[in-house]
1. Rounded to the nearest 0.05, what FRET efficiency do Gln85 and Arg57 give with R0 = 30 Å and r taken as the Cβ-Cβ distance? Could you check?
2. Can you give me the Cα centroid spacing of segment 48-67 and segment 73-124 in angstrom?
3. Once you list every other residue whose beta carbon is under 15 Å from the beta carbon of Ala139, what net charge do they have if Lys and Arg are +1 and Asp and Glu are -1?
4. Grab the other residues whose beta carbon is less than 12 angstrom from that of Leu153, score K and R as +1, D and E as -1, and report the net.
5. Need one number: nm distance between label points at Arg147 and Ala38, each 7 Å from Cα along Cα→Cβ, rounded to one decimal.
6. Taking R0 as 30 Å, what FRET efficiency do you get between Glu68 and Thr95 from their Cβ-Cβ distance, rounded to the nearest 0.05?
Amino acid sequence: MTEREPVDSPLVYADVEIIGPDEGQGEPQEADYLASSAELLDMLVSRFEDSLINQEREISALRRSLEEAQESAAADRAELETVQQVCRILERENTRLGAEVEELRRQVAEVEGLRQQVATLKKRRRIAQEVDELRRQVAELSFSSDRMLEQLLRQQSYS
């Protein structure tokens, strides 16, 4: 084994020199790298924060939209319930009016039947009056003819 080299000297393995963090030429590049890494990290953090803010705004907008949609749905449900109640009321009223119309039709048919009966009765009365008039005329004629016959018989008996 060979004698150990001091820690401050660079190590060489298979023709590759390993330089420690505090050595020579790499320091300005590393400082630049660290500075650009810090700037990159700051930029990424800033973009991430902006993205979070935008997402929070979008979530807030979506929540408001959801609340509005829920309120609208609740109003629509209330309106639907009102319309359904009105429909039930109208259906009951329609049924009631249908029954009333049927009753009125029955009454109209009954009245028409009564009108026909009245017309028949009037016709019968008129016929009865005509018959009575004819009977009276026949009775008068009969009385007259009886008188004439009596007069003729009287005249013949005198002659």
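Just so it is clear, none of the values below were taken in a lab; they were calculated from the coordinates. Since we're looking at a predicted model, the values are computed, not measured. As a convention, Cβ positions derive from the backbone with ideal geometry for all residues, glycine included, and neighbour counts pool all protein chains shown.
1. Working from the Cβ atoms, E equals 0.10.
2. The two parts, judged by their Cα centres, are 60 Å apart.
3. Working: positive: Arg135, Arg136, Arg147; negative: Glu130, Asp132, Glu133, Glu140, Asp146.
Combined, the nearby Lys, Arg, Asp and Glu give -2.
4. 0
5. 15.9 nm
6. 0.15
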